[in-house]
Amino acid sequence: MNSNPSNAMALTSTTSNKKETVCIFGTGDFGRALAYKMIQSGYSVVFGSRQVQISSLIPKGAEVLSHTEAAQKASIIFIAIPRQHYNFLLPLAEVLNGKVLVDVSNNLKLNQYSQSNAEYLAQLIPGAKVVKAFNTVSAWALQSGTLDASRQVFVCGDDKKAKQMVMDIVRALGLTPLDQGSLLAAQEIENYPLQLFPMWKFPIFLSLGLIAFFFFYCLIRDVIYPYVNEKKDFSFFIAISIANRICPILALILLALVYLPGVLAAIIQLYRGTKYSRFPDWLDKWMLCRKQLGLVALAFAFLHVLYTLVIPIRYYVRWRTNSGVISQALNNRTDQFNNSNAWLSDSYLALGILGFFLFVLLGITSLPSVSNSVNWREFRFVQSKLGYLTLILCTAHTLVYGGKRFLYASSYRWYLPNAYMLSLIVPCIVLVVKFVLVLPCLDKPLTRIRQGWERNPRYSE
């Protein structure tokens, strides 16, 4: 048995006012940043290093000792070194017996090893209590204090008391611990920082596909068709006109796609008569990336606003305006004021302004700093009720923009309808199905299902 008195401190509570001493193996960027943050939070920090001389890079107030001496002074040891150097811990196995070893390492690529770094560490030092944590927080964020974007710390481990001690430290540093269960979750936690926008891939690829489709669609109708039939060169439309058609189209379609999976989920639940059955994988993944879809849609809406603001200063627009004025003067005529057109124009603009305002509100409430300050009911009201109102306003904005033009044969160039007509398909389907679902004959059973009622329960009392 190891008679080292420091082991008696292992797995003790950190709830006392006086914070304990923690040890850090490794004096690299992350080790120093972690020590700096811990010293700020009132912890005593001792570094375990091969070189015991004090470096100017070591945070003021930290002590530097040999690995053995440093391990004897603390019950919690942070292993801030790469996996390939873990073997140096083998001679320290007796000293580390009963200690809490916090593995903070990351790999260079996904699933680099068949076994996670934390599990490998637990296998090397079987007498220690290994906990995986802090690998999702960067050294720069720790030292600079800009932790708003990375405040969550994933924690996993097989020993509950050891895990609780680490979670207490996480809270003391002003971070939010998330218990991910046993050490088996370490592989997934280690892969997390290596994933490049995992929830953004579908929205981005979908957006790129839609951009390509509508770009070539508008190119055919607005550039190629006039050139072939009328010998007019409108190739300059690519810079502003076509871009300003694509942006609102994508904003509307992507916004509708945010709410379409919820409608599909409701239909599936009504059909099955229960909520205790998994949705198809494609629908699960779709629902998980709705926030990202909405933010991409908001980005396109912003671009649409910016493109619209520059329309009056475009050369082509100024040329058409001046030509129209000169033509009226030469012909000694004045176009009569059309009250209907004035109403359509103002309604179109008003609906667009209101829709964009609510669009921005939805984007703001999706930010973690805002969503964390409202309760679940308030968040759902904004994202659901106001979200559908936003979709209604933006769809109405597009419908009023089109007016009666869909009735004119000239709107169908080479039998192709205007691009804005295509953008209305998905939003209108979502709104019509949603309207049907809110009818009492469907809304009441759907509400009961979501409250736990089953049409054909698997188990009866």
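Scan the range 168-184 for residues that are of a type in the set (A, V, I, L, M) and open to solvent by 20 Å² or more (accessible area, probe 1.4 Å) and the total you get is 3.
Per-residue answers, yes or no, for (1) at positive phi; (2) of a type in the set (Lys, Arg); (3) modelled with pLDDT under 95:
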| residue | (1), (2), (3) |
| --- | --- |
| Leu367 | no, no, yes |
| Arg377 | no, yes, yes |
| Leu386 | no, no, yes |
| Val400 | no, no, yes |
| Arg405 | no, yes, yes |
| Ala409 | no, no, yes |
| Trp414 | yes, no, yes |
| Pro417 | no, no, yes |
| Ile429 | no, no, no |
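Any idea which residue in the range 40-65 is nearest to Ala162 (Cα to Cα), counting only those that are exposed (fewer than 14 other Cβ atoms within 10 Å of the Cβ) and among the polar types (S, T, N, Q)? In this case the residue turns out to be Ser41. Only one entry of Arg245, Arg221, Arg171 meets the criterion of being assigned to a helix (DSSP H, G or I) and touching a Cys at 6+ places or on another chain (Cβ under 8 Å), and that entry is Arg245. For the range 382-441, filtered to residues that are β-branched (Val, Ile, Thr), open to solvent by 50 Å² or more (accessible area, probe 1.4 Å) and assigned to a helix (DSSP H, G or I), the residue that is farthest from Gly355 (Cα to Cα) is Val436. The residue that is farthest from Ser423 (Cα to Cα), among those in the range 224-266 that are surrounded by fewer than 15 Cβ atoms within 10 Å (Cβ to Cβ) and of a type in the set (A, V, I, L, M, F, W, C), is Val228. Considering each residue of the range 296-316 in turn, none proves to be assigned to a loop (DSSP other than H, G, I, E, B) and small (Gly, Ala, Ser). Of the residues that make up the range 1-17, is at least one within 27 Å of Leu108 (Cβ to Cβ) and either of a type in the set (Ser, Thr, Tyr) or at pLDDT 90 or above (or both)? No: zero hits. The residues on offer are Ile268, Ile246, and the sole one that is without any contact (Cβ under 8 Å) to a residue 24 or more places away in the chain and under 30 Å from Lys385 (Cα atoms) is Ile268. For the range 111-129, the criterion of being surrounded by fewer than 18 Cβ atoms within 10 Å (Cβ to Cβ) and of a type in the set (Asp, Glu) is met by none of the residues. For Tyr86, indicate whether it is part of a helix (DSSP H, G or I), out of contact with any strand residue (DSSP E or B) (no Cβ under 7 Å at 6 or more places or on another chain) and either in the same structural domain as Gln51 (by the TED database) or modelled with pLDDT of 95 or more (or both). Taking the combined requirement at face value, the residue satisfies it.
Filtering the range 344-370 to residues that are aliphatic (A, V, I, L, M) and either crowded, with 18+ Cβ neighbours inside 10 Å or part of a helix (DSSP H, G or I) (or both) leaves Leu344, Leu349, Ala350, Leu351, Ile353, Leu354, Leu358, Val360, Leu361, Leu362, Ile364, Val370.
The values are calculated or read from the model by the stated rules, or taken from the named source; none is laboratory data. All figures in this text were calculated on a predicted structure; none of them were measured in a lab. With ideal geometry, Cβ positions are generated from the backbone for all residues, glycine too; neighbour counts draw on all protein chains shown. Note: accessible area is taken over every heavy atom of the protein model, side chains too, but ligands, DNA and RNA are not part of it. Shrake-Rupley method; radii C 1.70, N 1.55, O 1.52, S 1.80 Å.
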